[in-house]
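Each remark here refers to the structure printed beneath this line.
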Amino acid sequence: MQTSSSRSLSLMQVFLPFAGAYFLSYVMRTVNAVLSGPLTDEFSLTASELGLLSSGYFLTFAAMQIPLGALLDRHSPRKVEIGLLMFAVAGCVISAFAQGFVALWIGRAMIGIGVSACLMAAYTTYRLCFRDEQQTSLASLMLMVGSFGALAATLPVELLLPMLDWRGVFILAALLFLLSVAGLLWVLPRLPEPPKATLPYWQDVTAGAKMVFTHPRVKRLIPLCIFTYGGFLAVQGLWIGPWLRTVEGQPAGQAATSLLILGIVVMGSHMVMSWLGSRFPSWNISLDRVLLGGCSVMLLLTLCAVFDVWGNPIVGWSLMFMTTSVTAIIYAQTSLAFPVDMGGRANTSVNFIVFAGAFFMQWGLGVVVDLAMLAGQDNAQGLKTAFVCWIVAQVVALFWLFRSHRLAPRDQ
């Protein structure tokens, strides 16, 4: 339960420093959707190599989540995030001076390590500082900020490329990460101390992970985290760019503008979910039913977008991206299923599943494209085949969610 001193903290004072870091983390997560063209041209990357390169962020990000959870529950989220952000600075510098695929991958992987706490440190802090009924709204608000970061990684980056080149974009990102560290140091107020740990660190890590992964509410969300949300992150972070350029035939500038529009749609969607999140309990609407309904609509609209039912790719993908704010409920449900002193480990364990899924989905879609091309399809047909595979994966996740619906604990 929050103390009176934690309740008196200004929401904006706590929110803005974490939001700034998370904004930058999302820029780096999705920037390869725009940079994929220059990187492919300079290093002659295949589709699977491009997918592996971009997903290096997801791999190291996911690997950090389990040990990160116990760190956040035992130490100040501010200190943990500041320490890790220095890896992001180093990763940006390595990427900027990379001369080959390996160095690029190492830089991308270090960025993944560096930003691995940006969202989870915020969620852990919100759990310490603010009331239960605020958690869904705060989760959605942070994801809205992330969507704004994805937006900034589209047309603004495309416009910067002639002036800075892709290497200059990474140098600029390194400087902005240093600025976000300054915000966490000097803007963020003193936070409540986390409860004192009673177990050794690694025992805390393993016991916490086991408790989360065996929880019924978490087990029913696993396919959704991997295929639906992880797949969306893979598409938003990379493959929607090649889709627009190759399948839809948009030139680079038009594709960047389309990505900008999609970023605005996702940001608006999370803003609406942030407003709705605090009202679901008073309306007696179960978060579980919202998740089921939202993911069903997301699957249907993905199908419509891939097969161009609407006759306009921006309309089709905008409608689909509009539904993705429902994923914020995954974190709210997980956080509320555990006591406050488990907040960090609960959310990072689920985040591990999400980003491990994003890694395999982003790389896997590239592998499907290469295999389809070996089978005689062209690049555009290969991308369509890969996206159809994502639709099938969403069907599997939704079936699992419906199947376990009657066994899930009721939302409070």
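The values are calculated or read from the model by the stated rules, or taken from the named source; none is laboratory data. Given the structure is predicted, the values throughout are model-derived calculations rather than measurements. When we count neighbours, we look across all protein chains shown, and the Cβ atoms used for this are built from the backbone with ideal geometry, even at glycine. Remember, those area values only see protein heavy atoms, side chains included, never the ligands or the DNA or RNA. Shrake-Rupley method; radii C 1.70, N 1.55, O 1.52, S 1.80 Å.
Structure summary
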| read-out | value |
| --- | --- |
| Relative contact order of the chain, pairs being alpha-carbon contacts under 8 Å that are 6 or more residues apart, as % | 29 |
| Segment 97-143, Cα convex hull volume normalised per residue, Å³ | 75 |
| Distant alpha-carbon pairs in segment 1-159 (separation over 20 angstrom), percent | 53 |
| Taking the C-alpha atoms of segment 192-253, convex hull volume expressed per residue in Å³ | 167 |
| At most 11 other Cβ within 10 Å, DSSP loop - chymotrypsin sites (Phe, Trp or Tyr not before Pro), segment 271-374 | W283 |
| Total formal charge among the other residues, if their Cβ is under 14 angstrom from that of K196, Lys/Arg +1 and Asp/Glu -1 | -3 |
| Accessible surface, 1.4 Å probe, highest first, among residues H270, H75 | H75, H270 |
| P(r), alpha carbons of segment 74-223 - 5 Å bins starting at zero, rounded % | 2, 8, 12, 16, 19, 16, 12, 9, 5, 2, 0 |
| Segment 224-363: mean projected area of Cα convex hull, nm² | 8.9 |
| Rg(Cα) / (2.2 N^0.38 Å) computed for the chain, rounded to two decimals | 0.93 |
